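**Q** Shown below is the structure under consideration.
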Amino acid sequence: MTLTLTVPPRTDADRLTGLPVAVIGAGPVGLAAAAHLLDQGLDVVVYEAGPTVGTSVRAWGHTRLFSPWRYVIDPAAQRLLEATGWEAPRASSLPTGQDLVDTYLAPLAATPQLAPVIQYGTRVEAVSRQGMDRTRSTGRADTPFLLRLHTADGVTDVTARAVVDTSGTYTSPNPLTAAGLVPAADLGDRVVHALPDVLGADRDRFAGKRVLVVGAGHSAANTLIKLASLAKIAPSTDVLWAVRNAGTARLGADAADGLAARGQLGSTVHGLVESGQVQQIASYEIDDVRADGDQVTVTGRRAGEPFAVTVDVIVNATGFRPDLDMLREIRLGLDDIVEAPRALAPLIDPNLHSCGSVPPHGVAELAHPEPNFFIAGMKSYGRAPTFLLLTGYEQVRSIAAELAGDHTGARQLELVLPETGVCSSDIGGSSCCTTPAVTGTPAADEAACCTLPEPATDSTSCCTN
């Protein structure tokens, strides 16, 4: 008996037909990715681990961005919003993180185009290929992606034709130790995340306490400025600042900066050090942090000599790193040092990079050995600390064009970024972070380097703009 096949067999390419592009994360860059993909006529689904849009942005919502509104709104997203009658805020004003959510992200997520495609409370636990781990090659590009999702209802697997990971790095802070290792002991609430609400919800945690801020970037500066303001109304508050290098390249005291608020951070925090309101502990390499009764003792070496300090609470403002666990079955092409895509890493590596600009970049620099898989937004910068939002928006515009088949348009990159005078010649330092990098604000989980404290009434605050 002979069987006749009456239905033509599906080719591997047909397996992708009708599948959406999966975007991981509903922060500014994730929503911009969805807007650009829809603009290209592509189906999209957005998976957000939090209960609402911009979950991580809300965590630092009390903090004011140093980028004005004109640098934090994506063009494709703006078109969706304006179709609903939305009016853009004043272009030159500086929003807080909460403003960013309330005025931009929440209305954007509620548009008729985006609202149906965002799934909240959905954590992507793993990304792979359907029926393939990372070792199998034949037909890989034409095989659907497989995403394992965790929700309140349990675990489920879904497929997608492409994946754009914009999950950011806010929930993955660098450890406090200079070696990059987590302290040996469980420190509980003695260590808090970067950008705490010092003058608001977290005030009692810091008032009258001896506080050590660890880190040499903008998030550290924000916290130090607010702690100095707190010390004026709670005089027993003692503010210490630990940095690994002899100087703070990213926070130049006299930096000329195209983003005035960003340049002002450096001059203000250096003024606090000079006036004695903040005690800086420079050249301090932390080896370990251990509980000491109700306090915590930090041990290490200062300029090569043993040094220890005991405080009540530590603010970990050491920056962030990408969480790559969910991508173990994806073929990633990451730089060994920065953990950014290999072609992008030389443009942003703080060990190599001093003054200059990060050029616009897209699919050519973001490509991985895994076809149609991209990391965008803050996570694409790996451990480099210089990300700003406009670059993320250009990244996802390019990715969307590529996935839509417009390979020429995907590579026609144009982006004008504000200049910065922050420079470093200390190429061997831990972080020169000197590029005029990019423009914008941190994505949902990308709060580290793009913020300015909220305006305050005291004259020592840098919040005069």
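**Q** Filter the stretch 288-314 down to residues that are polar (S, T, N, Q), open to solvent by 40 Å² or more (accessible area, probe 1.4 Å) and out of contact with any helix residue (DSSP H, G or I) (no Cβ under 9 Å at 6 or more places or on another chain) and give me whichever is farthest from Ala207 (Cα to Cα).
**A** Let us first name the residues in the stretch 288-314 that are polar (S, T, N, Q), namely 295, 297, 299, 310.
Narrowing further to those that are open to solvent by 40 Å² or more (accessible area, probe 1.4 Å): 295, 299, 310.
Okay, now just the ones that are also out of contact with any helix residue (DSSP H, G or I) (no Cβ under 9 Å at 6 or more places or on another chain), so 299, 310.
Values: Thr299: 24, Thr310: 17 Å.
So, considering only residues that are polar (S, T, N, Q), open to solvent by 40 Å² or more (accessible area, probe 1.4 Å) and out of contact with any helix residue (DSSP H, G or I) (no Cβ under 9 Å at 6 or more places or on another chain), the one farthest from Ala207 (Cα to Cα) is Thr299.
**Q** Determine whether Met378 is of a type outside the set (Asp, Glu), modelled with pLDDT of 90 or more and surrounded by fewer than 22 Cβ atoms within 10 Å (Cβ to Cβ). Don't jump to the end; show me each part of the working.
**A** Numbers: of a type outside the set (Asp, Glu): yes; modelled with pLDDT of 90 or more: yes; surrounded by fewer than 22 Cβ atoms within 10 Å (Cβ to Cβ): no.
For Met378, the condition - of a type outside the set (Asp, Glu), modelled with pLDDT of 90 or more and surrounded by fewer than 22 Cβ atoms within 10 Å (Cβ to Cβ) - is not met.
**Q** A further question follows. Of the residues that make up the stretch 168-191, is at least one over 24 Å from the mean Cα position of the chain (by Cα) and of a type in the set (S, T, N, Q)?
**A** No, that holds for no residue.
**Q** It is to be established whether one or more residues within the stretch 67-90 are in contact with a Cys (Cβ under 7 Å, 6 or more places away or on another chain) and touching a residue at least 60 places away in the same chain (Cβ under 8 Å). Explain how you work it out, then say what you get.
**A** From the stretch 67-90, those in contact with a Cys (Cβ under 7 Å, 6 or more places away or on another chain) are 67; that's our starting set.
Now drop any that are not touching a residue at least 60 places away in the same chain (Cβ under 8 Å), which leaves 67.
Yes, the stretch 67-90 contains at least one residue that is in contact with a Cys (Cβ under 7 Å, 6 or more places away or on another chain) and touching a residue at least 60 places away in the same chain (Cβ under 8 Å).
**Q** Check the stretch 231-243 and report whether any residue there is closer than 25 Å to Arg321 by Cβ and of a type outside the set (A, V, I, L, M, F, W, C). It would help to see each step written out before you state the result.
**A** First, pick out the residues of the stretch 231-243 that are closer than 25 Å to Arg321 by Cβ: 240-243.
Then drop every residue that is not of a type outside the set (A, V, I, L, M, F, W, C), which leaves none.
No - not one qualifying residue is present in the stretch 231-243.
**Q** Right, here's the next one. Just give me the residues in the stretch 35-55 being out of contact with any Lys or Arg (no Cβ under 7 Å at 6 or more places or on another chain) and open to solvent by less than 20 Å² (accessible area, probe 1.4 Å), in sequence order.
**A** Ala35, Leu37, Val44, Val45, Val46, Tyr47, Glu48, Gly50, Val53, Gly54
**Q** Would you pick out the residues in the stretch 381-404 that are surrounded by fewer than 23 Cβ atoms within 10 Å (Cβ to Cβ) and either under 13 Å from the mean Cα position of the chain (by Cα) or at pLDDT below 95 (or both)?
**A** Arg383, the sole residue that qualifies.
**Q** Look through Thr135, Thr159 and report the one residue that is in a loop (DSSP other than H, G, I, E, B), of a type in the set (Val, Ile, Thr), over 22 Å from the mean Cα position of the chain (by Cα) and modelled with pLDDT of 95 or more. Give the derivation first.
**A** On the way: Thr159 fails: in a loop (DSSP other than H, G, I, E, B).
Among Thr135, Thr159, only Thr135 is in a loop (DSSP other than H, G, I, E, B), of a type in the set (Val, Ile, Thr), over 22 Å from the mean Cα position of the chain (by Cα) and modelled with pLDDT of 95 or more.
**Q** For the list (1) within 30 Å of Gly131 (Cβ to Cβ); (2) in contact (Cβ under 8 Å) with a residue 60 or more places away in the chain; (3) in a loop (DSSP other than H, G, I, E, B), I need the number of the one condition that His368 fails.
**A** Among (1) within 30 Å of Gly131 (Cβ to Cβ); (2) in contact (Cβ under 8 Å) with a residue 60 or more places away in the chain; (3) in a loop (DSSP other than H, G, I, E, B), His368 violates only (2).
**Q** Does Thr122 fit the bill of being of a type in the set (S, T, N, Q), within 30 Å of Pro95 (Cβ to Cβ) and either touching a Pro at 6+ places or on another chain (Cβ under 8 Å) or open to solvent by less than 70 Å² (accessible area, probe 1.4 Å) (or both)?
**A** In short, yes.
**Q** Here's a follow-up. Which members of the stretch 46-67 meet the condition of being part of a loop (DSSP other than H, G, I, E, B) and over 27 Å from Ala401 (Cβ atoms)?
**A** Listed by number, the residues that qualify are Ala49, Gly50, Pro51, Thr52, Trp60, Gly61, His62, Thr63, Phe66.
The values are calculated or read from the model by the stated rules, or taken from the named source; none is laboratory data. Values in this document were obtained by computation on a predicted structure and should not be read as measured data. With ideal geometry, Cβ positions are generated from the backbone for all residues, glycine too; neighbour counts draw on all protein chains shown. Each accessible area value is taken on the protein alone, full model and side chains, heavy atoms only, with ligands, DNA and RNA left out. Shrake-Rupley method; radii C 1.70, N 1.55, O 1.52, S 1.80 Å.
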